[in-house]
1. Determine the calculated [θ] at 222 nm for the chain from helices alone, applying -39500 (n - 2.57) to every DSSP H run no shorter than 4 residues and normalising by the residue count; nearest 500 deg cm²/dmol.
2. Which FRET efficiency, nearest 0.05, do ILE269 and LEU11 yield, Cβ-Cβ r, R0 60 Å?
3. So for the range 86-173, averaging the separation of alpha carbon pairs under 8 Å that are six or more residues apart and normalising by length, what relative contact order in percent results?
4. Name the long-range amide H neighbours of GLY400: under 5 Å, sequence gap of 5 or more, or other chain; modelled H, no Pro or chain starts.
5. Label LEU281 and GLU73 with points 7 Å out from Cα along Cα→Cβ: what is the distance between them in nm?
6. Rolling a 1.4 Å sphere over the protein heavy atoms, what is the accessible area per residue of the range 321-400, to the nearest Å²?
7. For Rg and Dmax of the Cα atoms in Å, one of (1) 26.2, 86; (2) 52.9, 167; (3) 45.6, 166 was computed from the structure I shared and the rest are decoys. Which label?
8. Before I look further, what does the range 163-261 give for accessible area per residue, probe 1.4 Å, in whole square angstrom?
Amino acid sequence: MPPRSLRLQLLLWLLIPLAGAVLGNTWVTYRNAQEMAGIVTDRTLLASARSIAERIQINGTDLEVVIPPAALEMFETGYHDRVYYRIARSNAEIDDALVAGSSDLPDPTEPVPPLMSVFYEATFRGEPVRLVAIRQPLLGGSIDDSAVVVVGETLAARGHMASDLWVHSLLQQALLVLIVAVFVWFGLLRGLRPLLRLRDEALERAPDELRPFSQETLQSELQPLVAALNAYIERLRSQIAVQRRFIDNAAHQLRTPLTILATQAAYAIRTPNLAEKDEALEAIHGNARDMSRLAHQLLTLSNVEPDGRTRSGERVDLVTVTRRALESQVAHALSRNMDLGLDPAPEAAPVMGEPTLLQEMVVNLVDNALRYTPAGGVVTVGIERVDTHWRLTVRDNGPGIPAAERERVFERFYRVLGTEAEGSGLGLAIAREIAAASGGTITLDSGTEERGLLVTITLPAE
């Protein structure tokens, strides 16, 4: 389907109502032309009848009538209309006695008062005619002595006159519509010029140019469209920034482990000593495990990054999620002879969120506690209801985090100086992003008796 022209659509929406108005006006004009032609015909008939009536005289007992040539010549229009007349006398002794003209000319449809006229239409000799009848008192006769003059004309001239008036008006209106269409077309071209400039600007931009479009020269109707485009560009820039940041973080964090892994593999290949080879393979295995964990954390962080991929929330039981997270960390706790436990928790703690991400949040908090707490330490997880929220706590008896460092540890890859435990510096950053995506908050405090670290997650209760 070919694209539709906006200019053509706007032009049609303007001209179609105008054409409808013109059609309505054409019908009114046709009626007016008919009425005007009828008025002209009636006035000509009346003038002719009066001209004849003025020439009627009494000569003794008879009437003398001299038909003036002008009374008939005024009907000469070139359309060969037929003109008929009849003159009759009427008094107390006689009633409509024919004096001159056509005796069978149709009579008026109503009595004709003295000095008055009556217009009517009839069919005479197979043709429609328009007639006028006037009653003229006779000077020199009795009081009731009068002459009735009837003049009629066929309707060819009237029909042509009405048609000429109507066609002339129709041509004027058609010309007016054409002129309006031309002006509207040029007006549309001028009005759409800012939109065309916007199109040209978009086409001329480089593929990586994502600056917003200017709205200063645009009409108010186009500004919401450009504002929406700018908002989309901003979201696109944020998304690209998220992807670039993820790639940069991944490259930065994986470069060193990959270098070490390559060195360990090369050493394992070169050494002839089986014990040293096994030791190198064991180191490779541990390094690969750490890299897998790092890659998983990077993907999780990218998934919950602000302005990143949209997630659909659902009803999640925080108790079930926490139990699964703890089960996944049991082996880690046993390997370091640590006490990992869950305080008595409610049967269910419903919240809104994404189950996988919430479980990853708890895993990262527990994994951090197990890594940074010395072997033989204690890590305890608790869940309790506080007003309209659920509070998840992870408490350990490790070295803790100084108060001055507690905000900075949420930065990616940041690690407190002097920390001996291995880690990527992503655990708390991931936890904060997931908590924020679920409508919650995270805070850090000192543990019991100012020892260790207490991490508190607060989530809205469902």
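The values are calculated or read from the model by the stated rules, or taken from the named source; none is laboratory data. None of the values given here were measured: they were computed from a predicted structure. Cβ coordinates were reconstructed from backbone atoms using ideal geometry, including for glycine residues, and neighbour counts include every protein chain displayed. For the accessible areas, the whole protein counts, side chains as well, though only heavy atoms, and no ligand, DNA or RNA atoms are used. Shrake-Rupley method; radii C 1.70, N 1.55, O 1.52, S 1.80 Å.
1. Details: 10 runs with 226 residues, N = 462.
For the chain, the value works out to -17000 deg cm²/dmol.
2. Approximately 0.15, to the nearest 0.05.
3. 26
4. Answer set, sorted by chain and number: GLY452, LEU453.
5. Each label point lies 7 Å from its Cα, and together they span 13.6 nm.
6. Solvent-accessible surface per residue comes out at 46 Å².
7. Among (1) 26.2, 86; (2) 52.9, 167; (3) 45.6, 166, the one derived from this structure is (2).
8. 72
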